[in-house]
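Undergrad: Sharing a structure, written as structure tokens. Questions coming.
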């Protein structure tokens, strides 16, 4: 397949030095996405992730992961961002996992908000095994050096939710929907770290409330926008009738 | 308002530029000339290599580099401080800290696995700058008192300078620190797959055949071992580059003349920096030797004046 080949020299973007598949900048229904991590990296990182419940998001987990994959302690130099690479691995793999059993395109048309809720819940539940360590991950994610990567990943996740839920908006709401959903998801994730209820039912309720509020705000903003547009049009027409050339 | 003057000046300038151009030459002549030049170039490339801006026979480079470093060994540290305004110390600290040598304390206490002490090979590390930092980091940061460093250098004068300096460190005479006189392209005294971490700081640009040295590094490293290189590189910012070139070609040979009494050696130094491949090319060379590159493959220090390259040998 085209994607599994290393990128063509003439088309190499600046980030492609090595013979790794390039990142693709568009979505294709026909071809699978190229894997986000090289085989060795994903072997070490997935092994490291299994040590997170005991060691936390720390260098110790990364070193244990390297050893499990048959590498040396010093091989962790493959990951210049250190423990943050485990966090990033978790975020990327879980985001891509959402697509595997997403609601089929047939039942998307009628209930996008319900689909979004299901997807967001499924993604939150993927944090269950490491939830007691997730605050360490949040600390790493909000470190200034890693902030651009974290925000990008959050935007991609929000986009994935809306895409899989079947949203096809192409107006300015494309941006507001994604920004709003990103804020709601991030706050739910933070809420979950202190949620002691059985099977995280409180987080579920929290998420449902926030999404309902979001819908309300969207309606309100839409209404205010329509009203403001109407008024502006009226004002322009009024001024024109007074002979002002607008 | 200044437009007429501007036009006059630029018209004058362009006339001068056009006049300065070479006269018209027919296509067939220029093609023949280009072919001749290319052949000459190919003939030269077969036998010679860079020594700064000069072309010298490959067999000669080793001895000429040797002469440079024998000449500068005694004033090496003072000169490094003066030339880099003490910044080379920060770069070396950053290099060692990012490598995190030594066994990690939390993992070495785990009952499940018994880690073997690390063996670190510091190539072109004659004065021990990197070696002492490695041992210090392993001992004080990771509380690892078993890992050892082998310092290798082609130049006996630099090695004896390092040995002299090691007397002031806690590792003088201990088995954690050893010295080898060797050419980095032929490390026959080092066994295959015996090294955890191979480092070369400000050395690789003096090697006659860099690719051969990289292959040799690949041979001596254990699977999963790390190749790490700190070297002068290409500055990304044009303004900074201008200032930096001014400093390196203007001030450094002068400092060399005044402090070390040796202008030629320091002229060679700045020329060899200029001749060293860019970050991207060098990362390609590391990958060609068989290493996996991290993402991003290198780290620029001070906008690319120096860069840290790493590669991991696949298992």
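The values are calculated or read from the model by the stated rules, or taken from the named source; none is laboratory data. Keep in mind it's a predicted model, so treat the numbers as computed, not measured. When we count neighbours, we look across all protein chains shown, and the Cβ atoms used for this are built from the backbone with ideal geometry, even at glycine.
Undergrad: Within segment A:45-71, restricting attention to residues that are in contact with a helix residue (DSSP H, G or I) (Cβ under 7 Å, 6 or more places away or on another chain) and not in a helix (DSSP H, G or I), which residue is farthest from the other protein chains (Cβ to nearest Cβ)?
TA: Only one residue fits best here, namely A:57.
Undergrad: Within segment B:202-226, take every residue that is assigned to a helix (DSSP H, G or I) and over 18 Å from the mean Cα position of the chain (by Cα) and give me the one that is surrounded by the fewest Cβ atoms within 10 Å (Cβ to Cβ). Before the answer, list the steps.
TA: So the first thing to find is which residues in segment B:202-226 are assigned to a helix (DSSP H, G or I), and the list is B:204-206, B:210-220.
Next cut, over 18 Å from the mean Cα position of the chain (by Cα) only: B:219-220.
Values: B:219: 17, B:220: 21.
Filtering segment B:202-226 for residues that are assigned to a helix (DSSP H, G or I) and over 18 Å from the mean Cα position of the chain (by Cα), the one surrounded by the fewest Cβ atoms within 10 Å (Cβ to Cβ) comes out as B:219.
Undergrad: Follow-up. For residue A:200, state whether it is surrounded by 10 or more Cβ atoms within 10 Å (Cβ to Cβ), on the phi > 0 side of the Ramachandran plot and in contact with a helix residue (DSSP H, G or I) (Cβ under 9 Å, 6 or more places away or on another chain).
TA: yes
Undergrad: Then there's this: Within segment B:126-142, track down each residue that is under 15 Å from residue B:197 (Cβ atoms) and in contact with a strand residue (DSSP E or B) (Cβ under 7 Å, 6 or more places away or on another chain).
TA: B:130, B:131, B:134, B:135 - these are the residues of segment B:126-142 that are under 15 Å from residue B:197 (Cβ atoms) and in contact with a strand residue (DSSP E or B) (Cβ under 7 Å, 6 or more places away or on another chain).
Undergrad: Additional query: How many residues are in contact (Cβ under 8 Å) with a residue 60 or more places away in the chain and touching a helix residue (DSSP H, G or I) at 6+ places or on another chain (Cβ under 7 Å) if we restrict to segment B:45-73?
TA: 13
Undergrad: With (1) surrounded by fewer than 17 Cβ atoms within 10 Å (Cβ to Cβ); (2) touching a residue at least 24 places away in the same chain (Cβ under 8 Å); (3) within 17 Å of residue A:193 (Cβ to Cβ) as the list, and residue A:139 as the residue in question, which single condition is left unmet?
TA: Just one mismatch for residue A:139, condition (2).
Undergrad: I'm told residue B:139 meets every condition in (1) more than 14 Å from chain A (Cβ to nearest Cβ); (2) touching a residue at least 40 places away in the same chain (Cβ under 8 Å) except one. Can you identify the failing condition by its number?
TA: It fails just one condition, (2).
Undergrad: Another one. Regarding residue A:52, is this residue crowded, with 21+ Cβ neighbours inside 10 Å, at pLDDT 90 or above and in contact with a strand residue (DSSP E or B) (Cβ under 8 Å, 6 or more places away or on another chain)?
TA: Values: crowded, with 21+ Cβ neighbours inside 10 Å: yes; at pLDDT 90 or above: yes; in contact with a strand residue (DSSP E or B) (Cβ under 8 Å, 6 or more places away or on another chain): no.
In short, no.
Undergrad: Of all residues in segment A:165-186, which are part of a helix (DSSP H, G or I), crowded, with 17+ Cβ neighbours inside 10 Å and at pLDDT below 90?
TA: Correct list: A:165, A:177.
Undergrad: For segment A:72-86, which residues satisfy the criterion of being part of a helix (DSSP H, G or I) and more than 7 Å from every other protein chain (Cβ to nearest Cβ)?
TA: Hits for segment A:72-86 are A:76, A:84, A:85, A:86.
Undergrad: Answer yes or no: is there a residue in segment B:227-244 that is within 28 Å of residue B:192 (Cα to Cα), in contact with a strand residue (DSSP E or B) (Cβ under 9 Å, 6 or more places away or on another chain), crowded, with 20+ Cβ neighbours inside 10 Å and within 10 Å of chain A (Cβ to nearest Cβ).
TA: yes
Undergrad: Taking residue B:85 as meeting all but one of (1) more than 14 Å from every other protein chain (Cβ to nearest Cβ); (2) in contact (Cβ under 8 Å) with a residue 24 or more places away in the chain; (3) at positive phi, write down the number of the exception.
TA: (2)
Undergrad: Further question: Filter segment B:280-315 down to the residues that are part of a strand (DSSP E or B) and farther than 18 Å from residue B:215 by Cα, then identify the one that is farthest from the other protein chains (Cβ to nearest Cβ).
TA: Per the stated criteria, the residue is B:306.
Undergrad: Kindly list the number of the only condition in (1) surrounded by fewer than 21 Cβ atoms within 10 Å (Cβ to Cβ); (2) modelled with pLDDT under 95; (3) part of a helix (DSSP H, G or I) that fails for residue B:268.
TA: Unmet for residue B:268, out of (1) surrounded by fewer than 21 Cβ atoms within 10 Å (Cβ to Cβ); (2) modelled with pLDDT under 95; (3) part of a helix (DSSP H, G or I): (1).
Undergrad: For residues that are within 14 Å of chain A (Cβ to nearest Cβ) and within 18 Å of residue B:144 (Cβ to Cβ), scanning just segment B:164-197, find the one that is surrounded by the fewest Cβ atoms within 10 Å (Cβ to Cβ). Steps first, answer last, please.
TA: Restricting attention to segment B:164-197, the residues satisfying the condition of being within 14 Å of chain A (Cβ to nearest Cβ) are B:193-197.
If we keep only those that are within 18 Å of residue B:144 (Cβ to Cβ) too, we end up with B:195-197.
Numbers: B:195: 25, B:196: 22, B:197: 27.
Of everything passing the filter in segment B:164-197, B:196 is surrounded by the fewest Cβ atoms within 10 Å (Cβ to Cβ).
Undergrad: Being modelled with pLDDT under 95, crowded, with 21+ Cβ neighbours inside 10 Å and more than 14 Å from chain A (Cβ to nearest Cβ), is that true of even one residue in segment B:256-263?
TA: Yes; the residues of segment B:256-263 include at least one that is modelled with pLDDT under 95, crowded, with 21+ Cβ neighbours inside 10 Å and more than 14 Å from chain A (Cβ to nearest Cβ).
Undergrad: Further question on the same structure: Only one of these is touching a strand residue (DSSP E or B) at 6+ places or on another chain (Cβ under 6 Å), under 30 Å from residue A:65 (Cα atoms) and modelled with pLDDT of 95 or more: B:220, B:315. Name it. Write out each step before concluding.
TA: Working: B:315 fails: modelled with pLDDT of 95 or more.
Only one candidate passes the filter, namely B:220.
Undergrad: Let me ask something else. Residues in segment A:112-129: is at least one away from chain B (no Cβ under 13 Å), under 28 Å from residue B:298 (Cβ atoms), out of contact with any strand residue (DSSP E or B) (no Cβ under 8 Å at 6 or more places or on another chain) and part of a helix (DSSP H, G or I)?
TA: No: segment A:112-129 contains no residue that is away from chain B (no Cβ under 13 Å), under 28 Å from residue B:298 (Cβ atoms), out of contact with any strand residue (DSSP E or B) (no Cβ under 8 Å at 6 or more places or on another chain) and part of a helix (DSSP H, G or I).
Undergrad: Among B:305, B:286, B:255, which is touching a strand residue (DSSP E or B) at 6+ places or on another chain (Cβ under 8 Å) and farther than 30 Å from residue B:192 by Cα?
TA: When all the criteria are applied, what remains is B:305.
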